[in-house]
Amino acid sequence: MSNKDISSSLKESRSFPPPAAFQSRAHIKSEEQYQQLWNYSVENPEKYWSEQAESLLTWFKKWDKTLEWDLPHAKWFSGGKINVSYNCLDRHLTPERRKKPAIIWEGEPGDSRTLTYEDLHKEVCQFANVLKSQGIKKGDRVTVYMPLVPELAIAILACTRIGATHCVIFGGFSSDAIADRNNNAESKMVLTADGGWRRGQVVELKKNVDEAMLKSKSVEKIIVYQRCKNTVTMKDGRDFWWHDLMAKVSADCPAEELDSEHPLFILYTSGSTGSPKGILHTTAGYLLGATITSKYVFDLKEDDVYWCTADIGWVTGHSYVVYGPLANGATTVMYEGAPNTPDWGRFWNIIEKYKVSIFYTAPTAIRAFAKAGEEWPNKHNLKTLRLLGSVGEPINPEAWMWYQNKIGGGNCPVVDTWWQTETGSIMISPLPGATATVPGSATRPFFGVQPAIVDKEGVPVEEGKGGFLIIKTPWPSMLRTIWGDDNRFKEQYWSQIKGCYFTGDGARRDEKGNYWILGRIDDVLNVSGHRLSTMEIESALVSDPAVAEAAVVGAPHDLKGESIHCFVTLKIGNAPTDDVRKRLIDVVVKHIGAFARPEAVRFTDSLPKTRSGKIMRRLLRDIAAGRESKGDTSTLEDFSVLAKLREDEN
């Protein structure tokens, strides 16, 4: 960390109060109600979380102690007995909900399925018995490397039913990455599929697993779901077809009564280099965080059709495709493929077809939709939407406005959510019936969350100044450790600012109390002593009507320390001219200041991204610095983008 604060110069004056019709039906109906509840939650945290755990979750045995806090290790609801699968399924088998759709799924080729709570419960129980029949027991680790099909949700819910700890690996990872994660978790079994559909092509998942097995020491068995019917190799005694095993077991499998701190899942953070970093989440605290935030941030109602577009390979898919919605008895939509297959109308077609009312996606996707043009959403009836959400990175104000106007018709609140794999659930977000939303701001902390913005010494910075975002007190869904590396856990998250959780993000707080996330601290540039947020420079660039998307990185500079390099994708119909380049430089100077004048603006048709849609700025830093990229590129979706940038460089 640098001794300097992070400069923050982006200004945003637009504000949107909750629509009256939305507010009248909302769980939290006013700013005053939010503030009163938040004050109560931080002044009486153990009492507050105890009340929420009792009202929102179903327990086999109540806990003895709400919180045991031995910094940096937390135990929540000690002595309690609970099961995640039971909370997501069994308790919804009431006359009112058993026939309600739990999962509405659409495959990329156009096939679809709907599983009611009764259907999902039956399949989860069956697959839990499959796991037991193949020797999986409580405490074993199970790797899950599957396409976004209902069986992925069935697999992880079955693991939770018997107390196996699941490790979901995103389907874009390579065989080496799978092996590294198998070995780190000491997984006993891999659940996979023959393949999955992506942009009309079969991603050969089983083949990747076979290659990973050459280096995976602990894995004994592989269960394969038949999705694409592509040719795969099956090894006798090790590999089994999902459908063959399901045909041999009963649908009677009572949920295990598990300790509140039983390890629920290990999730390896994306794009890591060196040894894998497995974030460990446990049962009760994580489930409470996912459940309560789903209820209040998305204002879930019984008749909502909710769609989070994340892959379950990422934490957003864990918390807000599977566990949070199902614990609330909601209907959750899953879509297997790419957002532009067969064309850029696919998402809007799904919203229209299934009458989606809540839509939660990433800023990268929103900017891609804006680039593709408003004619795509204009072809579809999106009037069932009542709430929009954003997740994954800070959203620039112009993308926020496009989202609200073109997708929400100007009538839907936009909840811009900040949280992390490590936090387990949403930490800062508007509550749509209570909070005035501001383009680009995550606004207010969720109940029980006490953030602060500080300098390197841990001293709070002045209002409006940028600094390091920390969380001052423990919360139920927090990570418990890094699997197999507690020293790394302590060093990375708890040693930077004494006694506080260090998020690794920069932020500022404005005069109205709204939080602005400035992006990762390692995405902060040090230009002539000014620490500048790349997010703010990108937001300035995207405010220009010709710009669809921008990524900003630093390159070494003899005088300034770092210089600013901008990679810009223009909207269709705009030519990459020197006049446009000059105009964009002037836009940055106008929005932020002369000290932020870019050294270079490079135009590109596409930016290098992971399959989850995150821009791989590390690769752009290499290009800006004129060096070869040596780090892990296994999550890069389209290698031709990188090759084209290199070609243009020469």
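The values are calculated or read from the model by the stated rules, or taken from the named source; none is laboratory data. No experiment lies behind these values; they were computed from the predicted model shown. Cβ placement follows ideal geometry from the backbone for every residue including glycine, while neighbour counts extend to all protein chains displayed.
General remarks:
The rows are residues; the columns are (1) outside the structural domain of R597 (by TED's automatic domain parsing); (2) part of a strand (DSSP E or B).
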| site | (1), (2) |
| --- | --- |
| L532 | yes, yes |
| I537 | yes, no |
| A555 | no, yes |
| E562 | no, yes |
| K582 | no, no |
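- All positions within region 23-64 that are in contact with a strand residue (DSSP E or B) (Cβ under 7 Å, 6 or more places away or on another chain) and not in a helix (DSSP H, G or I): L57, W59, F60, K61, W63, D64
- Residue list for region 10-22, filter: hydrophobic (A, V, I, L, M, F, W, C) and either part of a loop (DSSP other than H, G, I, E, B) or in contact (Cβ under 8 Å) with a residue 60 or more places away in the chain (or both): L10, F16, F22
- Some residue of region 265-282 being farther than 25 Å from G172 by Cα, part of a loop (DSSP other than H, G, I, E, B) and under 18 Å from the mean Cα position of the chain (by Cα): no
- Residue in region 429-449 that is at pLDDT 95 or above, in contact with a Lys or Arg (Cβ under 8 Å, 6 or more places away or on another chain) and not in a loop (DSSP other than H, G, I, E, B) present: no
- In region 85-137, the residues that are assigned to a loop (DSSP other than H, G, I, E, B), touching a residue at least 60 places away in the same chain (Cβ under 8 Å) and exposed (fewer than 14 other Cβ atoms within 10 Å of the Cβ): P109, G135
- Every pair of residues 6+ apart whose Cβ atoms lie under 8 Å, when the first sits in region 488-500 and is under 17 Å from V454 (Cα atoms) while the second is assigned to a helix (DSSP H, G or I) and of a type outside the set (V, I, T): C500/W494
- Residue in region 281-288 that is surrounded by 23 or more Cβ atoms within 10 Å (Cβ to Cβ) and in contact with a Lys or Arg (Cβ under 6 Å, 6 or more places away or on another chain) present: yes
- Among the residues of region 468-477, the ones that are surrounded by fewer than 24 Cβ atoms within 10 Å (Cβ to Cβ) and either of a type outside the set (V, I, T) or at pLDDT below 95 (or both) come to 2 in all.
- Region 1-47, residues that are of a type in the set (K, R) and at pLDDT below 95: K4, K11, R14
- Any hit, region 149-160, residues being crowded, with 17+ Cβ neighbours inside 10 Å and in a strand (DSSP E or B): no
- Every residue from region 238-260 that is of a type in the set (A, V, I, L, M) and assigned to a loop (DSSP other than H, G, I, E, B): A247, V249, A251, A255
- Near pairs, Cβ below 8 angstrom, 6+ apart or cross-chain, from region 170-197 (touching a residue at least 60 places away in the same chain (Cβ under 8 Å) and farther than 22 Å from Q226 by Cβ) to any residue that is crowded, with 20+ Cβ neighbours inside 10 Å and of a type in the set (G, A, S): D176/A212; R181/S187; R181/G278; N184/G278; A185/G278
- Residue match in region 568-584 (condition: on the phi > 0 side of the Ramachandran plot, at pLDDT below 85 and of a type in the set (G, A, S)): no
Each row is one residue, and each column tells you yes or no for (1) within 30 Å of F60 (Cα to Cα); (2) crowded, with 22+ Cβ neighbours inside 10 Å; (3) in contact with a Gly (Cβ under 7 Å, 6 or more places away or on another chain); (4) of a type in the set (D, E).
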site	(1), (2), (3), (4)
Q226	no, no, no, no
N230	no, no, yes, no
G237	no, no, no, no
H262	yes, no, yes, no
